[in-house]
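No value in this document is a laboratory result; all are computed from the given coordinates. Fair warning: this is a prediction, and the values are worked out from it, not measured in the lab. Glycine also receives a Cβ, built like all others from the backbone with ideal geometry; neighbour counts cover every protein chain displayed.
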Amino acid sequence: MKAKFLGLSLALTAILLTVQAQAQSYDRRVTIENFTSVTMTYFYASNVDRATWEEDILGNSVLPSGNSVVINIDDGSGYCLYDFRAIFADGSEAIRSGVNVCEVGVYTYYD
């Protein structure tokens, strides 16, 4: 009985480690496109389990209308699902929840 339990535990551990390794190996770079009529002044991406927004990814930069930027969304957590928050020069904001950055290569904002 103990041998079967130990074997099952080892198998489950191996499966879990394989899944974690796969999640770590995903490319989390996303091209953010601003096809609105307003300059994007701030951009935040936080994994879905964060209670607060991470720092502004654009930093001292902005993303003018019609432009794009490649951002590495990887925060080291292994997450693929992130919430995005974009704030624009006119004060408007757009929040998108649960964006899968392991599958999405381009994310576009429109008016």
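For the pair Val38 and Ser77, a Förster radius of 30 Å applied to the C-beta separation gives a FRET efficiency near 0.45, rounded to the nearest 0.05. Set the Förster distance to 25 Å, then compute FRET efficiency between Tyr110 and Asp27 from the Cβ-Cβ distance, nearest 0.05. So the FRET efficiency works out to roughly 0.55.
Phi-derived couplings, Karplus 6.51 cos²θ - 1.76 cosθ + 1.60 at θ = phi - 60°, listed residue by residue for the stretch 84-92: 10, 9, 10, 10, 10, 4, 8, x, 6 Hz, with x used for Gly and Pro.
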